[in-house]
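Comments concern the structure below.
The values are calculated or read from the model by the stated rules, or taken from the named source; none is laboratory data. Predicted, not measured: the structure shown is a model, and the values here were computed from it. For neighbour counting, all protein chains shown are included, and Cβ atoms are generated from backbone atoms with ideal geometry for every residue, glycine included.
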Amino acid sequence: MKQILELRDKKIQPLFWQYALPSVAGTLTLAIYYIIDSVFIGYGPGLGDHALGALGVLLPIMNLLAALGTLIGVGTSSRISIYLGLDNKEMVVRVMGTSLLFTFVISIIPIIITYVFMEPILYRMGATEETYQFAEDFLICFLPASLLLNMGTTFINIVKAIGFPKKSMYIMASSVVFNFILAPLFIFVFKWGMKGAGGATFLSTILSACIIVPYFSRESSFFPVKIQNLRLRAKILYQIVNIGFAPFLITAMTSLIVFFTNTQLIAYSTPVSLEGYIVASRFHYVFIMIFIGISQGIQPIIGYNFGARNYTRMFQTLYYAFRIAFGIGVVALLSGIFASKEMVQIFNPNPELIEEASKALFVLTVTLPLAGCQLLMGGFFQHIGIAVKSAALSIIRQVFFIPLIYLLPLCWGVNGVWASLPLSETLVCLSTYIIFYRQKKQMAGNK
């Protein structure tokens, strides 16, 4: 009851930080995961620039596999919250059982397909003769880890939904800590190269699972997971997927952007340009995950006040989030302008790669002040139950981006590839604002 009253009455600013900080900490763990691997690989014996390029080739695959975890995890969390509100513990247990089994099934199928067709998939994703072996070595070990990561995403969303947000954050952080310890051990001490980096990820997910699984397997748990509850129920699956589809689509569309950018950079430039883009995208990804964390954090505040028809308080929260996101985007832009070379040097690149990565970092950060607000607007539609518009905004990004990244290079070569990224992002932001403004006007008329 106290938490509900806070959503209604507590001052916006402290309430925002109360919900946003744990959420941002959670989303940042995945970004930190990638940063840790990239830094260690950049300095690893026998690795370096081509190994970093291999990670970029793998990024769309890794993101698509992670998107499956998001599809189930977000929908599961929402359904559990609803059934807890209805005091229907039996349905909570059923949702848990269905979501965990479905996560396993939906994750294992693409993993098997990737193992069988690994070579053609990697070359289609942009692997070159220099990067292919590095990519294969990492992916062989990472694929089983992706299954555990997706299962962990579902478990973590369950933990948050049943009222333990800090515990879920600690579980996510534990995996990062394990990886931070194991990656340098496997890369520098055992000298296992990319297999060591992938193996560290795999083992860290196992150790993290050892923390969370016993929590649900005990009879003393609030909602123990039992074998008989692991069943696929069509109605529950529909409810889960219906809610989780929008965030899944956002992640999947992001992977497509990386894929098309990779292939066009290969077509119009040198491998160094691709590797520079990969290095810069690590920092870009950190800021994107911050924005996503803010959006997920304010979801309970937006959702509650929308349901209560307290639109004034709802928009006050959203506008405050806009200001924070815009400020973070400005910091990112200034970093891209004035500190790009210093930032990319942590990956131990050669001088040529530093120049390419610095240029790419500026291109990726130039629209971040707008992109942060755009992501919050897209999340807003999801939070108030209009998932169709949220999903449509993800599709609009591809409508602008794909023609631009293929047409502009015909006139300007590699510069056209770079220009397509901020130009398409600007068009998406303008389109999102128009849709958001119309929604706000409609809500004002219905008040």
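Here are a few things to note about the model shown:
- Test: residue in region 53-61 that is aliphatic (A, V, I, L, M), in contact with a Gly (Cβ under 7 Å, 6 or more places away or on another chain) and under 20 Å from Tyr33 (Cβ atoms): yes
- Candidates Ala357, Ala321, filtered to the one that is touching a residue at least 12 places away in the same chain (Cβ under 8 Å) and touching a Leu at 6+ places or on another chain (Cβ under 7 Å): Ala321
- Pairs where the first residue, in region 52-71, is β-branched (Val, Ile, Thr) and the second is part of a helix (DSSP H, G or I), C-beta under 6 Å, 6+ apart: Val57/Ala135; Thr70/Pro247; Thr70/Phe248; Thr70/Thr251
- In region 357-391, residue farthest from Thr254 (Cα to Cα) [restricted to those that are of a type in the set (A, V, I, L, M, F, W, C) and at pLDDT below 80]: Ile384
- The residues on offer are Ser295, Ser255, and the sole one that is of a type in the set (S, T, N, Q) and at pLDDT 85 or above is Ser295.
- Any hit, region 119-140, residues being touching a residue at least 40 places away in the same chain (Cβ under 8 Å), touching a helix residue (DSSP H, G or I) at 6+ places or on another chain (Cβ under 7 Å), closer than 30 Å to Arg233 by Cα and among the aliphatic types (A, V, I, L, M): no
- Verdict on Ile301 being in a helix (DSSP H, G or I) and more than 30 Å from Glu129 (Cβ to Cβ): yes
- Number of the condition not met by Ala234 [criteria: (1) in contact (Cβ under 8 Å) with a residue 24 or more places away in the chain; (2) surrounded by fewer than 19 Cβ atoms within 10 Å (Cβ to Cβ); (3) of a type in the set (A, V, I, L, M)]: (1)
- Screening region 401-420 for residues that are of a type in the set (Phe, Trp, Tyr) and buried (at least 20 other Cβ atoms within 10 Å of the Cβ) and picking the one that is farthest from Tyr277 (Cα to Cα) gives Phe401.
- Test: Leu149 is assigned by TED's automatic domain parsing to the domain that holds Ala67, of a type outside the set (D, E, K, R) and in contact with a Ser or Thr (Cβ under 8 Å, 6 or more places away or on another chain): yes
Each row is one residue, and each column tells you yes or no for (1) under 29 Å from Ala51 (Cα atoms); (2) of a type outside the set (Gly, Ala, Ser); (3) out of contact with any Phe, Trp or Tyr (no Cβ under 7 Å at 6 or more places or on another chain).
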site: Ala135; (1), (2), (3): yes, no, yes
site: Ser146; (1), (2), (3): yes, no, yes
site: Met151; (1), (2), (3): yes, yes, no
site: Thr154; (1), (2), (3): no, yes, yes
site: Asn157; (1), (2), (3): no, yes, yes
site: Met172; (1), (2), (3): yes, yes, yes
site: Val177; (1), (2), (3): yes, yes, yes
site: Pro184; (1), (2), (3): yes, yes, no
site: Ile187; (1), (2), (3): yes, yes, no
